[in-house]
């Protein structure tokens, strides 16, 4: 960190005193476990009763039973005073080491701020699944005709598994070890239950689905594991095409796992199924789209850009994540410019246009902001030379501000290894509901953007270790909890839970066409085709999806809201004290 970034010792001490109220010391809490049908499970008729139990730290009972006794708070009896004392010393050392990496516990009643306390390293989420050798995987065939070649992860079909050697003749092959249990899905998956709650008691009728036709861009029907699409109108750019491409990849990745269903999909920005228009929520049309707010009943689905946005040259999420990781390693956080950066189209919302005021004023007022207009026409003419998202992580802080509603930019900002300064917005997509203020981002008051951003940057520059920790938590969320494995699992669980609510047997519409990867990718060309090939699933999944956690309880939702409100009040008090 450059020395000029830090204030004099007296000001640092004042900051530390203020920050101490926001960063309480860490405490090891008792971790509770509960079964799928515990007090917090309100699904009246779950289709499958899982034996696994969930623990509040995101583990399962099987995983916890495999941990040493000290982890579970159980002391193993020892013989003799010396052994007891020795055991206590070892336990103290273990607990001391544990504090250095203890993860942030999502205790919804906690008022902790900025990562809970202490400067601890981000603990990565365990991998979604164990990778199998390519020889054991089933390739997903794909052909556009002509030579009839099919693709796999290496461009050719994998070789078959080798046969047993002669020396092993007469000896039964060893049974493969059982696969590990699937991980528990990230916490934001629990909002699947919330999105579907208006129809939980009554179910969804064909008439309810049909009521959404006037708002939908297309209708998706799955029958017998095959998907069909009926198109109603054109949408902006290729949103519908890449959304359908993602759905086709899901069916190829998990063949036979997507149940029969019938749904309407809207590809526009603004949610529009207003709860106030439906005093009886079950009468609302179940309409899928990319975002919602607390006043609407739309069902949130991953947006098209996870498979690429060719019009603005944004690569599919998985390869872009790898590219961003390489670029961020080249420029460590302490060597980046000590300002808050934003670049985008300010013409889509007043919130973005207002952000430009926070650039250094003519009077020389420094707000610690570097905001730039994105001229997409000029970017296209220049071949997107200065628009590579992977190369826009040169600043210590990144600003997220909404577009017309939500913005696909949030995941790219999170992945930059810089703290995200999030200008408060009512709009949420499927994963942003899992972000925790003070852990994954710093909240910014939209009514006082410039002042709030300046304060956040000053605070982060005065507390670089904690600012870096926030950067690690945000980028860790993007890379681990928002990996494509979990994007596909979210889609699968959402569609499965939705299909369980249908009170009729879906049928293929007369004007629908079958949705297959070949029918989408083969006619495409240019970047459209390139991004589809880059985001195409090569093999059938040989593992189970993550385990869907139960719904939030009413008390959990209240505690979450209280936690966020209290955190914002603390930030506000700190700003007032400084001014």
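Can you pull out the residues in the range 352-368 that are out of contact with any helix residue (DSSP H, G or I) (no Cβ under 6 Å at 6 or more places or on another chain) and part of a loop (DSSP other than H, G, I, E, B)? Those that are out of contact with any helix residue (DSSP H, G or I) (no Cβ under 6 Å at 6 or more places or on another chain) and part of a loop (DSSP other than H, G, I, E, B): 359, 360, 361, 362, 363, 364, 365, 366. The range 430-529 holds helices (runs of 4 or more DSSP H) entirely within its bounds, and those carrying 1 or more residues that are closer than 30 Å to residue 351 by Cβ, touching a strand residue (DSSP E or B) at 6+ places or on another chain (Cβ under 8 Å) and modelled with pLDDT of 95 or more map to 449-462, 464-476, 484-501. Against the test of being over 23 Å from the mean Cα position of the chain (by Cα), at pLDDT 95 or above and more than 24 Å from residue 425 (Cα to Cα), the options 316, 285 yield a single qualifying residue, 285. Within the range 415-429, take every residue that is out of contact with any helix residue (DSSP H, G or I) (no Cβ under 6 Å at 6 or more places or on another chain) and outside any loop (DSSP other than H, G, I, E, B) and give me the one that is surrounded by the fewest Cβ atoms within 10 Å (Cβ to Cβ). Among them, the one singled out is 428. Of the candidates 291, 267, the single residue that is under 21 Å from residue 497 (Cβ atoms), modelled with pLDDT of 95 or more and buried (at least 18 other Cβ atoms within 10 Å of the Cβ) is 291.
Screening residue 506 with (1) touching a helix residue (DSSP H, G or I) at 6+ places or on another chain (Cβ under 9 Å); (2) over 23 Å from residue 257 (Cβ atoms); (3) assigned by TED's automatic domain parsing to the domain that holds residue 264 gives one miss only, at (2). As a summary of the residue check, residue 302 satisfies the conditions (1) at pLDDT 95 or above; (2) out of contact with any strand residue (DSSP E or B) (no Cβ under 6 Å at 6 or more places or on another chain); (3) more than 22 Å from residue 403 (Cβ to Cβ) except for the one numbered (3).
Summed over the range 206-230, residues that are under 28 Å from residue 282 (Cβ atoms) and in contact with a strand residue (DSSP E or B) (Cβ under 8 Å, 6 or more places away or on another chain) total 16. Do the conditions hold for residue 529, that is, is it within 27 Å of residue 241 (Cα to Cα), surrounded by 14 or more Cβ atoms within 10 Å (Cβ to Cβ) and without any contact (Cβ under 8 Å) to a residue 12 or more places away in the chain? It is true that residue 529 is within 27 Å of residue 241 (Cα to Cα), surrounded by 14 or more Cβ atoms within 10 Å (Cβ to Cβ) and without any contact (Cβ under 8 Å) to a residue 12 or more places away in the chain.
Please determine whether any residue of the range 405-414 is buried (at least 21 other Cβ atoms within 10 Å of the Cβ), under 16 Å from residue 570 (Cβ atoms) and in contact with a helix residue (DSSP H, G or I) (Cβ under 9 Å, 6 or more places away or on another chain). No, the range 405-414 has no match at all. Got a number for residues in the range 304-350 being without any contact (Cβ under 8 Å) to a residue 40 or more places away in the chain and surrounded by fewer than 15 Cβ atoms within 10 Å (Cβ to Cβ)? Adding up the residues that qualify gives 7. For the range 534-579, residues that are in contact with a helix residue (DSSP H, G or I) (Cβ under 7 Å, 6 or more places away or on another chain) and part of a helix (DSSP H, G or I) total 6.
The values are calculated or read from the model by the stated rules, or taken from the named source; none is laboratory data. Keep in mind that this is a model prediction, so the values were computed, not measured. A quick note on method: Cβ atoms are made from the backbone with ideal geometry, for glycine too, and the neighbour counts reach across all protein chains shown.
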